[in-house]
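**Student:** Attaching a single structure in structure tokens format; questions to follow.
The values are calculated or read from the model by the stated rules, or taken from the named source; none is laboratory data. Since this is a predicted model, take the numbers as computed values, not measurements. Cβ sites come from the backbone with ideal geometry, for glycine too, and all protein chains shown count toward neighbours.
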Amino acid sequence: MTSDGPDHDLASLYARGREAWPDIDVDIAEFARFVAARLQAHAADRLDGAALYLVCACLAGDKRALAAFDQRYIVTLAQVLSRLERTGVSSEDVTQLLRIRFLFGEADRPPRIADYNGTSDLRAWLRVAAVRIGISLQRKHRREDPDGDEALSALADAAPSPELELMKEISRDEFAAALRAAVAGLEPRQRNLLRHQALDRMSIDRIAALYGVHRATAARWVAQARDALVAGVRRRLQARLAVAPERLDSLLLLIESRLDVSLRPLLAAE
């Protein structure tokens, strides 16, 4: 949080949202409840106030917000995902599933945009989700039509060319080395927190009970540990590849989505 305190941070985020979406009304008390945990886990200047404002309005069921979100973030993904067609996956199917899961929810699960924490680019965050849906649909297609088997790696074409270039540049060994070094560079408590979550599969409530702290404090500690780890991987890959940090961001979103799986063997070996 800034030195001006939580009230200033909240007001600043809310003002950014109002400026970006002047035709959408969000009650400030509702917005405060929505961003409270995010402000506890991250500095306010790391949060995207405009995106959080729109997400909050969508979760409240605001029709203008839902329409704006769909047009700004989901409809525009169709062009990015058009290359999925050659794998037997319809980009329309992907975007429709994304729309259902992230804006409206399915079964007993609430809309998944509630999981957006405000620290990453919302469009890149959704693109990662869309590619993962595409992978899932392509695997299903392959099971149903084994003669239509095509390389799953073709799904990487759904990523913009800068990310694709980086995927080709970064070998499995380079990433593993960067991850190992980043884990070693963490504080002992940060490594333990990640071990509890990734290896022991402990919930935030169980971690809070283990350390004798409030669950919000435990959530903030875990978020800070994950942020420190991803930042460590970014620094090492950036030094190795000599590229600007922003070029790594979308790729690191993909890495972060599989972070627990990558961490387990490393943490188990300690």
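**Student:** Among all residue pairs at least 6 apart or on different chains, which show Cβ distances below 6 Å where the first residue, located in the range 64-76, is touching a residue at least 24 places away in the same chain (Cβ under 8 Å) and the second is polar (S, T, N, Q) and part of a helix (DSSP H, G or I)?
**Tutor:** ILE74/THR95
**Student:** Shifting gears a bit: Return the residues of the range 62-94 that are at pLDDT below 85, polar (S, T, N, Q) and assigned to a helix (DSSP H, G or I); say none if nothing qualifies. Let's see the steps before the verdict.
**Tutor:** Here is the first cut: in the range 62-94, the residues at pLDDT below 85 are 75-94.
Still in the list and also polar (S, T, N, Q): 76, 79, 82, 87, 90-91.
Of everything in the range 62-94, those that are at pLDDT below 85, polar (S, T, N, Q) and assigned to a helix (DSSP H, G or I) turn out to be GLN79, SER82, THR87, SER91.
**Student:** Which residue, of ALA209, ALA239, is closer than 28 Å to ARG33 by Cα and at pLDDT 75 or above? Steps first, answer last, please.
**Tutor:** Values: ALA239 fails: closer than 28 Å to ARG33 by Cα.
On inspection, the qualifying residue turns out to be ALA209.
**Student:** Counting just the residues of the range 31-48 that are surrounded by fewer than 13 Cβ atoms within 10 Å (Cβ to Cβ) and over 19 Å from TRP221 (Cβ atoms), which one comes out nearest to the chain's Cα centre (by Cα)? Let's see the steps before the verdict.
**Tutor:** Kept after step one, since they are surrounded by fewer than 13 Cβ atoms within 10 Å (Cβ to Cβ), are these residues of the range 31-48: 33, 43, 45.
With over 19 Å from TRP221 (Cβ atoms) added as a condition, the list becomes 33, 45.
Numbers: ARG33: 20, ASP45: 18 Å.
Within the range 31-48, the match that is nearest to the chain's Cα centre (by Cα) is ASP45.
**Student:** Tell me which residues, restricted to the range 105-126, are exposed (fewer than 14 other Cβ atoms within 10 Å of the Cβ) and either closer than 17 Å to ALA68 by Cα or of a type in the set (A, V, I, L, M) (or both).
**Tutor:** Across the range 105-126, the qualifying residue is only ALA107.
**Student:** Please identify the pairs in which a residue from the range 39-52 that is outside the structural domain of LEU122 (by TED's automatic domain parsing) has its Cβ atom under 6 Å from the Cβ atom of a residue that is in a helix (DSSP H, G or I) and among the acidic types (Asp, Glu), counting only partners at least 6 apart or on another chain.
**Tutor:** Hits for this filter: LEU39/ASP9; ALA44/ASP9.
**Student:** Here is a further query. Does the range 203-216 include one or more residues that are polar (S, T, N, Q) and crowded, with 18+ Cβ neighbours inside 10 Å? Spell out the reasoning first.
**Tutor:** Let us first name the residues in the range 203-216 that are polar (S, T, N, Q), namely 203.
When the remaining residues are screened for being crowded, with 18+ Cβ neighbours inside 10 Å, the result is none.
Checking the range 203-216: not a single residue is polar (S, T, N, Q) and crowded, with 18+ Cβ neighbours inside 10 Å.
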